[in-house]
Amino acid sequence: MTGSDVGVPLIDVQAHRRVIGDEIDARIQAVLEHGRYILGPEVAEFESALADHIGGDVEAVTCANGTDALVLALLALGVEPGDAVVCPSFTFVASAEAVAAIGAVPVFADVTSTTFNVDASSVAAALADADSRGLRVAGVMAVDLFGRPAPYPELRRLTGERGVWLLADAAQSFGASLGGTKVGALADVTTTSFFPAKPLGCYGDGGAVFTADRGIADTLRSLRVHGKGEDKYHNVRVGQNSRLDTLQAAVLLPKLAILDGELDDRDRVAASYARRLPTELAPPAPEEELRSAWAQYTITTSNRTDVQAALADAGIGNAVYYPVPLHLQPAYAQFHSEGAPLVTSERLADVVISLPMHPYLSDDEIDAVVTTVARVATGSVGI
Ligand SMILES: *Cc1c(COP(=O)(O)O)cnc(C)c1O
């Protein structure tokens, strides 16, 4: 759906087909002809294209989805049951789920209200909290929420002093950068997702892990094929079955080639929103040296229900990411210790709303969104 007469979708996962649909179909056809559906040549080609995109000596290891990417990364980093991994509470559940799924303990840190990303001072408090609970701290997981890189320089300082690793959940931020360094090279290990709605999405599920550590990359390649040794029938560790389908790699190759141009268009949409929305609603523009992948364009408003109703009336897509911070979720409350206040995460859950964002949004569509939002939204006082 495009065109304001038929509404504005939150995300249009098919608009790129007008530009590169034929090229993608030809690459899919090539896979149908050679038939190497698992770890076929397109997977290796895509992994080297991902590594080239990031630059430096980073290796890319693809897998089945962004949640598996986190689990595989945590296993490759040597996380053991009972270990603590610090992560933000205001994020998609998969961040903490991956930690809990392997028997480790997510220790929640708070975020800042302007960036929605983890607050380094709260990470320091969470590390102290883990110590006081007698947990062994394995490392820190940052999340690049809504596409914006987390405060990596501060986080690296903290993890460096502590002698633990820094993992980046970059499911929403592939293509973004900080200080001229691309996402994928900002932490010891980085994961991403190719779920269709992410900035670099495929036609199903997909994910990847990035690291410059050759040993970790080798372990990841073993873990994704049942912990294989020399071959699949020699198993040197307990692994999983988690590969990126050859068909998805074929879809992603032409999409990666146009990603930078699409990010320019996301910047155009974000700048247009920022210019035209009442200033108290717009999130702060990324500073120089920071490029967001704008997975979502998220504003904060104290009368969210009215804004949701007005947008729905106008046929404009919108969503609340995320309505409940993880430390208040039934499955995750057990990991939360009362000593660690997570007030910003709780407050944001009540006031955030994400507006339509994708590279092919037209001026008319942006206009329809801005007019509707500006008519009803009131700024969010007190955050
Ligand atoms: C989407 C997402 C994931 C999980 O990715 P999947 O490919 O859906 O498994 C993990 N973390 C964050 C922050 C996400 O947005």
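The values are calculated or read from the model by the stated rules, or taken from the named source; none is laboratory data. Note that the structure is predicted; figures quoted are calculated from it, not measured. Counting neighbours? That spans all protein chains shown, and the Cβs are built from the backbone with ideal geometry, glycine included. Heads up: the accessible areas ignore ligands, DNA and RNA and are worked out on the full protein's heavy atoms, side chains in. Shrake-Rupley method; radii C 1.70, N 1.55, O 1.52, S 1.80 Å.
Per-structure values
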| read-out | value |
| --- | --- |
| Per-pair calculated FRET efficiency, R0 = 22 Å: residue 260 and residue 288 via Cβ, rounded to 0.05 | 0.75 |
| Extension reserve of the residue 128-residue 157 stretch, reckoned as 0.36 nm per residue once the Cα distance is removed | 8.9 nm |
| Residue order for 276, 36 - accessible surface, 1.4 angstrom probe, largest first | 36, 276 |
| For the range 168-304, accessible area per residue (1.4 Å probe, heavy atoms of protein chains only), Å² | 38 Å² |
| When the convex hull of its Cα atoms is projected in every direction, mean area for the range 112-171 (nm²) | 4.1 nm² |
| Percent of beta bridges antiparallel (DSSP, the chain, rounded to nearest 5) | 60 percent |
| Amide hydrogen neighbours beyond the local backbone of residue 165, cut-off 5 Å, H modeled | 140 |
| Förster radius 25 Å - calculated FRET efficiency between residue 45 and residue 226, Cβ distance, rounded to 0.05 | 0.60 |
| For residue 119, residues with placed amide H under 5 Å, excluding near neighbours | 110, 111, 112 |
| Per-residue ³J(HN,Hα) for the range 324-335, Karplus 6.51 cos²θ - 1.76 cosθ + 1.60, θ = phi - 60°, Hz, x for Gly and Pro | 9, x, 4, 6, 9, 6, x, 7, 10, 4, 4, 8 |
| Residue-level accessible surface for residue 232, protein heavy atoms, 1.4 Å, Å² | 90 Å² |
| With all protein chains modelled, accessible area of residue 195 [1.4 Å, Å²] | 100 Å² |
| Table column - 3J(HN,Hα) (Hz), the range 65-71, Karplus curve with 6.51, -1.76, 1.60, x for Gly and Pro | 5, x, 6, 4, 4, 5, 4 |
| Surface share of carbon and sulfur [accessible, 1.4 angstrom probe, percent] for the range 58-110 | 55 percent |
| Two-site label geometry, residue 237 and residue 343: point separation in nm, points 7 Å out along Cα→Cβ | 4.2 nm |
| Amide hydrogen neighbours beyond the local backbone of residue 290, cut-off 5 Å, H modeled | 179 |
| Whole-Hz ³J(HN,Hα) from phi, Karplus 6.51 cos²θ - 1.76 cosθ + 1.60, for the range 210-216, glycine and proline x | 10, 7, 8, 8, 4, x, 5 |
